[in-house]
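Quick notes on the structure that follows.
The values are calculated or read from the model by the stated rules, or taken from the named source; none is laboratory data. Keep in mind that this is a model prediction, so the values were computed, not measured. Cβ atoms come from the backbone with ideal geometry, glycine included; neighbour counts cover every protein chain shown. Ligands, DNA and RNA are excluded from the accessible area calculation, which covers all protein heavy atoms including side chains. Shrake-Rupley method; radii C 1.70, N 1.55, O 1.52, S 1.80 Å.
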Amino acid sequence: MKAILCTHFGGPADLEYQDLPDPQPGPAEVVVAVKAAALNFFDTLIIAGKYQLKPPFPFSPASEFAGVVESIGTGVTAVAPGDRVLGYGGFGAAREKVAISAQRVVKIPDVLDFDRAAGLTVIYGTTLHALKDRARLKSGETLAVLGASGGTGLAAIEIGKLMGAHVIACASSEEKLAFCKERGADEGINYAKEDLKEALRRVTGGKGADVIYDPVGGTYTEAALRSIAWAGRFLVIGFAAGEIPKIPLNLALLKGCDIVGVFWGAFIERDPKGHQANMADLVRWAAEGKLSAHVHAVYPLAKTREALEAIAERKVMGKVILRP
Ligand SMILES: NC(=O)c1ccc[n+]([C@@H]2O[C@H](COP(=O)([O-])OP(=O)(O)OC[C@H]3O[C@@H](n4cnc5c(N)ncnc54)[C@H](OP(=O)(O)O)[C@@H]3O)[C@@H](O)[C@H]2O)c1
């Protein structure tokens, strides 16, 4: 089978396209023929050695995928060869076939195509955990989303609307904001043009946003936190801007607000039942057309380098998919 391999830490240009022997399922494992693998921002970090997870070399990037079960190991009863599934392994899906624990795959209905299914787990899983479990977002509250046209940002717009929030999309261009409004955002702020703190106060009538979802970091974090509502919840999702901000803690005191960490990868290990329940909701909502899982572009596996460069260059709206 063909595989994209990271043999040493570096950039997208250092990845290698190689032949590997086909995998065989071990006990409690399945082998899935990958029809689509989805990339996330953190794939740009994992190949550079800048992510918390550092797999042994050689490894493939792409943590999530959708495909067809090809074979099963001993003890597997939940899925059978021929089943359509999505899966999450943390890394390793940029290849034609993956061997993975059967507990890591979920059956998908026929109406859900492989490209959309491949990218459901990380961005929507993270966001449902963040908004429901961590922020306890309530219907009628105001939700501000930074990096709103990116993968996690898009998921926050869509799940925020499903939970009944008034959603303010914040992004760096008018094109990105138009995309966010098509996906349900009620308002847009172009933080490349307008001061984020002032703009958030303006669109909330001076009250501030009840919940702020921040996958970007850098200088936007403090500006947004300065405009949070009384008793608001500030969700620390990620640092796509590259800089981990340092926040004066008096802001939390003055706002009576919570600064809430979100670590989805740890959540799914610590609360597998909660994760499975969230995934069941997400697969159903996607099949019902309530989540777009918008695909920005599909690249052949051999062009993984170009796909990762598009993410790093801030060009992507929604998901980037690799097709083996
Ligand atoms: N906490 C968790 O459990 C968890 C789970 C999943 C992902 N994450 C993290 O969340 C972050 C976002 O992931 P994602 O998949 O949503 O990424 P993405 O699709 O690439 O979107 C990130 C957004 O950040 C903005 N951005 C600002 N400066 C940027 C820069 N220098 N380079 C790239 N983007 C920049 C861009 O929007 P504008 O151009 O509009 O500013 C972009 O749309 C990552 O740091 C990822 O590791 C965390």
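Diagonalising the gyration tensor over the Cα atoms of the chain and scaling each eigenvalue by 5 before taking the square root yields semi-axes of 35, 21, 17 Å, largest first. Taking the C-alpha atoms only, the angle from helix 151-162 to the longest principal axis of the chain is near 70 degrees.
Loop-resident trypsin sites (Lys or Arg not before Pro) (DSSP state other than H, G, I, E or B) in the stretch 215-324 with no more than 10 further Cβ atoms inside 10 Å of their Cβ: 246. An ellipsoid equivalent to the stretch 167-230, defined through the eigenvalues of its Cα gyration tensor, has semi-axes of 18, 13, 11 Å when rounded to whole angstrom and sorted largest first. Less than 13 Å from a label point 7 Å out along the Cα-to-Cβ axis of residue 162: which backbone N atoms in the stretch 248-281 qualify, by residue? Answer for the stretch 248-281: 277-281. Ranked from largest to smallest solvent-accessible area, with a 1.4 Å probe on the protein heavy atoms, 285, 230, 264 come out as 230, 285, 264. Think of it as helices only: each DSSP H run of n ≥ 4 in the chain is worth -39500 (n - 2.57), and spread over all residues that comes to -8000 deg cm²/dmol at 222 nm.
Taking 274, 87, 217 in turn, the Gaussian network model of the chain (Cα-Cα springs below 10 Å) assigns the largest fluctuation to 274. For the pair the stretch 140-165 and the stretch 40-105, the centres of their Cα atoms are 27 angstrom apart. For the pair residue 269 and residue 193, the difference between a 0.36 nm per residue extended length and the Cα-Cα distance amounts to 23.3 nm. Ligands, DNA and RNA left out, the 1.4 Å accessible surface of the chain is 53% carbon and sulfur atoms. For the chain, the solvent-accessible area of protein heavy atoms averages 42 Å² per residue (probe radius 1.4 Å; ligands and nucleic acids excluded).
Contact order for the chain, expressed relative to its length and based on alpha carbon pairs under 8 Å spaced 6+ residues apart, stands at 18 percent. Label-to-label distance, residue 173 versus residue 20, with points set 7 angstrom from Cα along the beta-carbon direction: 3.4 nm.
Evaluated with a Cβ-only charge set (Lys, Arg +1; Asp, Glu -1), the chain carries a dipole of roughly 600 debye about its Cα centre, given to the nearest 20.
Considering the options 118, 13, 231, tell which one lies farthest towards the positive end of the dipole of the chain, charges being +1 on Lys and Arg and -1 on Asp and Glu at the Cβ, about the Cα centre. Positive-most Cα among the choices belongs to 231. Using only the C-alpha atoms, the convex hull of the stretch 214-324 corresponds to 159 Å³ per residue. Judged by the gyration tensor of its Cα atoms, with axes a ≥ b ≥ c, the stretch 116-155 is oblate; a/c meets the 1.5 cut and b/c is at least as large as a/b.
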